[in-house]
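One structure is given here, and the rest of the page talks about it.
The values are calculated or read from the model by the stated rules, or taken from the named source; none is laboratory data. In this text the structure is predicted, and so the values were computed from the model without any measurement. Note: ideal-geometry Cβ built from the backbone for every residue, glycine included; neighbour counts use all protein chains shown. Ligands, DNA and RNA are excluded from the accessible area calculation, which covers all protein heavy atoms including side chains. Shrake-Rupley method; radii C 1.70, N 1.55, O 1.52, S 1.80 Å.
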Amino acid sequence: MQCSDFKNILVLSFGILLLYTAYMGLQTLQSSLNEIEGLGVASLSVMYVSLSLSSLLLPPLLIKKIGCKWTIVASMFCFISYSLCNFYSSWPTLIISSILVGLGGGPLWASKSTYITITGTKYAETHGKQATDVVNQYFAAFFLICQTCRVWGNLISSLVFHLTPNADLDAPNQTICGAGDCPAELTQTGNITSGQPSNTVIYVLLGSYTGCGVGAVLLIIIFLDQIQEDREEKDVNSGSILFLAIKQLHDKRQCLLIPLTMFSGFEQGFIASDFTKSYVTCILGLKYLGFIMICFGVTNSICAAIFGKLAQYTGRVPLFLLGAAINIGCIIGFLIWKPADGNFAVFFVMSGLWGAADAVWQTLLSSLYGILFEKNKEAAFANFSLWESLGFAIAFGYSSFLCVYIKLYILMCVVVVGILLYGTMEYIGHGNTSGASEEGPKD
């Protein structure tokens, strides 16, 4: 890897790491910290609805007009607004900031993925290497660093909570936890009260998260190089950008990947809202939530690096199957597990296993879009963000209404359908299930 490539991948990775340290830390706490009337998860649902729309409309336009670097910078300012508005959490402030984050999220994720794919492809062409392997390794390196955001975000919250005296962070007075937890029934009986930290604790936490966001913006502005993509075949006017993103759906490979892409949003929504609230906080309280989610972040980051490297030897199909198998096993485990104080270690095991499965979807699914649709990267990653965000929005949207066991059955159905259609895509899309297609979309 050339020095400039190595530097840019590191700068991008640590910039997103700082930004997502704040964002993921806040997201993990929303279902427990702002649980009154479901404000926390409602704001997250609105955020991902907004993100799904921005993913389709904004990324190609912004990337074409200002390039990947400045699209990333502009998007980061939207994320900082979420930390600021949490200083006074209410329906107006959280909903408005959620919409802003959604508007910035689509361009951020698409421009990040486009930047990595372009850098990896150009390096492969220059050094006579396989583009698939280089792009996979670049995404693996990115996610190895970026996915630790869950570690640092939750470590910050855990330290703030533990180092603050007289913080009421005990478990809620709730008799049913785990798969049997039904939010609607608890709301009717009023049995949803739990200890909440003081305003001082919250302000210290939010101040730390805001500082992370500001640091991320400065890092990208100062140290990330602007790259230029060869656009000989992609000089489109603004009016045709939406058409190109929609035209991407004419590719049967894109359509077959939709359920699995949505599952990526479903499963992250479950671990961020339902696992944290109905399993961890319900039994152990807020005090241990951060430490348990750190386990998710550590395994996620390590497995992202391992799977990215392993894919060049095994192909991506076995790893996709492994990810689906782990998720299905965990879903069955969540259905039969009765969380209690006595099985403290199980919280960490389930969190770690879910993190390993998530590493497959975050690393290999992202790189798959970049490889399959190499000639239409902006439109492809716009669709990736659209469908993943829709999965998030649905998962957070029904979080305050459905019983946990129903959500688990939904997850089971989506992952099974998604992996079957993915297998169909590999079979009919191209003959090589472990390689990559360099062709553009086939109408």
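Side notes on the structure shown:
- Every residue from the stretch 200-212 that is surrounded by fewer than 18 Cβ atoms within 10 Å (Cβ to Cβ) and under 15 Å from Phe14 (Cα atoms): Gly211
- Leu155 being at pLDDT 85 or above and open to solvent by 30 Å² or more (accessible area, probe 1.4 Å): yes
- Residue match in the stretch 257-268 (condition: of a type in the set (A, V, I, L, M, F, W, C), over 23 Å from Leu386 (Cβ atoms) and either out of contact with any Ser or Thr (no Cβ under 8 Å at 6 or more places or on another chain) or at pLDDT 90 or above (or both)): no
- Tally of residues being open to solvent by 10 Å² or more (accessible area, probe 1.4 Å) and part of a helix (DSSP H, G or I) across the stretch 53-67: 10
- The one condition in (1) open to solvent by less than 10 Å² (accessible area, probe 1.4 Å); (2) at pLDDT 80 or above; (3) within 22 Å of Phe87 (Cα to Cα) that Gly215 fails to fulfil: (1)
- Within the stretch 80-97, residues that are in contact (Cβ under 8 Å) with a residue 12 or more places away in the chain have Cβ atoms under 7 Å from residues that are of a type in the set (Lys, Arg) in no pair, counting only partners at least 6 apart in sequence or on another chain.
- Options Gly308, Gly290; residue that is open to solvent by less than 10 Å² (accessible area, probe 1.4 Å), modelled with pLDDT under 95, under 26 Å from Ile36 (Cβ atoms) and in contact with a Ser or Thr (Cβ under 8 Å, 6 or more places away or on another chain): Gly290
- Close pairs from the stretch 271-285: first in contact (Cβ under 8 Å) with a residue 60 or more places away in the chain, partner open to solvent by 10 Å² or more (accessible area, probe 1.4 Å) and basic (Lys, Arg), Cβ under 9 Å, at least 6 apart: none
- Exactly one residue out of Tyr138, Tyr88 is among the aromatic types (Phe, Trp, Tyr) and touching a helix residue (DSSP H, G or I) at 6+ places or on another chain (Cβ under 7 Å): that is Tyr138.
- Some residue of the stretch 393-412 being touching a helix residue (DSSP H, G or I) at 6+ places or on another chain (Cβ under 9 Å), under 30 Å from Gly67 (Cα atoms) and small (Gly, Ala, Ser): yes
- When Asn343 is tested against (1) in contact (Cβ under 8 Å) with a residue 60 or more places away in the chain; (2) more than 26 Å from Tyr427 (Cβ to Cβ); (3) of a type outside the set (D, E, K, R), just one condition goes unmet, and that condition is (1).
- Being charged (D, E, K, R), crowded, with 24+ Cβ neighbours inside 10 Å and over 15 Å from the mean Cα position of the chain (by Cα) is a property that holds for Glu378.
- Against the criterion of being surrounded by fewer than 23 Cβ atoms within 10 Å (Cβ to Cβ) and either within 18 Å of the chain's Cα centre (by Cα) or without any contact (Cβ under 8 Å) to a residue 12 or more places away in the chain (or both), Val414 qualifies.
- Residues of the stretch 15-39 satisfying the condition of being within 16 Å of the chain's Cα centre (by Cα) and open to solvent by 10 Å² or more (accessible area, probe 1.4 Å): Leu17, Leu18, Tyr20, Tyr23, Met24
- Search result, residues across the stretch 75-127 that are closer than 20 Å to Lys377 by Cα, within 21 Å of the chain's Cα centre (by Cα) and open to solvent by 10 Å² or more (accessible area, probe 1.4 Å): Leu103, Trp109
- For the stretch 174-199, a residue qualifies if it is modelled with pLDDT of 60 or more, open to solvent by 80 Å² or more (accessible area, probe 1.4 Å) and not in a helix (DSSP H, G or I), and the qualifying residues are Thr175, Ile176.
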